[in-house]
Amino acid sequence: MKRIVPALVILSLAASVASAAPSDIVPQGAPANDWMAALAVRGYLGPTIYASDFTGNHLHTRDQFAEILYASFVDDLIVGRVAKDPITAPLAYEAVRFLRPELLARNVDYDELIAKLHTKSFGATGTLQPEVRIKQDGDTPSGTRLIYRGVVGGEVARNISLVVSASNWAQDARRPFYNDYGSQGFNAFNEAYLRYDGANGLDIRVGRMSEHWGPGMRGATLVSDNVPPFDELRVAFPFSLGRIFGKNWHYTQFASTFNDYGGRSYFEGRRVEYAFSNHWNFQFEEAFKANYSGSLAATPVPFLIFKSFDLDTIDTKYNYNTNLGLSYTANPNTRVYGQLFGDDFKSPLGGHKLFGLSLGNKISDTPRRIGYLIGGTHQAGGTAFTLEYAFADPTSNIFKNDNATWERGRADYIGMPNGPNTTELSGRIAQKYGPNLTVAAEYRDRQRHDNSFPAPTSRYFSLSGDYKLSHRETVGATLHEYWQDPFPFQPGDPGYPPPQKYMPFSQANPGTKMRTHEVDLTYKVTF
């Protein structure tokens, strides 16, 4: 990354006001949730916004966070109260810095606001959620659990902040994704990083961070936070290409390395975004995963170009994928969106397939590998509704060797949590009854087409209710129901996928016919 940082700094000097994918979901494990909860518990976000609004199952976008903060921080009296609070001021400072692009898009005097909140002290906040789980079947028995999250943050030098987050919340929040299978790579330090804020919106971070590149509530097709956070170096900034090619561009790139399948993996991602207007946002993303250190030479150049010149390793060590995204945001609470994940679309040139068509008799043995996500969400009058549909080809996420498969650990897919060979319909509806009571229902139907590889068809339903005792305390109850069909094949049976380089057996999760019934009773308090 040393070669790329100077070039990025130079390009960032042409920065303009651009939102950093305002429709992106803020990862559940991200400290931004705790910063907002800390402001809410002290009443700085108004009488109808509570700490548990940010530490529960309802996910928010960056734009929604910015709208909530903007509504309160346009009041100088509120900002003055926050600035005099030695515990909360550093957290508010970090929240404002995190949402800089979205606040600038709302014509906030960012420099004045950040100057008022600036403090050299450290702030801290935390949430504890003791709960009782009453469960039938499944691998996890009934009993008591303690879910926790805590964040410490503040400025350690001019324009340099340290943020440390300890939590098991992110792993627990993803239990419905995994159905108690997989997700073994999380640990107590969910996020821990140093952040440098440079001129014109330059943002450089090094440490452990969650990534969620897209607006999907269930996940994102290329890079999603359903896997454990990455230890990475990340650079981001807005930039302008002038009146002809547009001013509202934003660039993000990260490089990460981690142990995977007992070996070392290298993972990099790059995203270029363009805001056509306050409503339309387009994203081009590319990323690769490899198991050799030479792949880091791709850092300063487009990954596709690097891949094209690295022919000796392209077929065995280098898994390159691209992603396109388009979202329309009518307002912070109403949006529609889509993402298209691609590895092998195929081309008719050279006899390769193009969606099943080919030229001549020569047909490539590489199958098409795509996935996509479409969805929409609307919130008004106390009712919030989300509906999403995701699809993945049988060989999406798969590669010729385990080290380059689009995973971080077994069954922890870096993209959508449903993995390959899947169609999934999911929905969630929540209704507020007065300021204190919220009832929500969620349903997911995950179908494995073809021969149900690598895991069986499953369905999930939950019904929950939360009652806010105060801005600080909430009690709740949730019913979870999970159904899983039996895996219809065993190795060697007719119809079982033959051994081939694109579908390694190491991904198989035979499973059994299962139904899990669980009731969770919770008490939550934020400090």
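Bear in mind that the values in this text are calculations on the coordinates, not laboratory data. What you see is a predicted model; the values in this text were computed from it and never measured. Heads up, the Cβs are rebuilt from the backbone with ideal geometry, glycines too, and the neighbour counts pull from every protein chain shown.
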Mean Cβ count within 10 Å, highest first, over the residues of peptides 227-234, 298-305, 216-223, 478-485: 216-223, 227-234, 478-485, 298-305
Within 10 Å, count the other beta carbons around each residue, average over each peptide in 238-246, 93-101, 323-331, and list them highest first. 93-101, 323-331, 238-246
Which ³J(HN,Hα) values, rounded to whole Hz and listed in residue order, are derived for segment 160-170 from phi using the Karplus coefficients 6.51, -1.76 and 1.60 in 6.51 cos²θ - 1.76 cosθ + 1.60 with θ = phi - 60°, glycine and proline given as x? 10, 10, 10, 10, 10, 10, 10, 6, 10, 5, 4
Sorted from largest to smallest, which semi-axis lengths in Å does the alpha carbon gyration tensor of segment 392-442 give for its equivalent ellipsoid, taking the root of 5 times each eigenvalue? 36, 12, 5
How much length would be gained if the chain were fully extended between Ala188 and Phe284, taking 0.36 nm per residue of separation minus their Cα-Cα distance, in nm to one decimal? 31.3 nm
Log10 I(q)/I(0) at q = 0.14, 0.22, 0.27 Å⁻¹ for segment 132-171, from Debye over equal alpha-carbon scatterers, is -0.52, -0.79, -0.92
On each of the three principal axes the extent of the alpha-carbon atoms of segment 14-118, given in whole Å and largest first, is 39, 31, 20
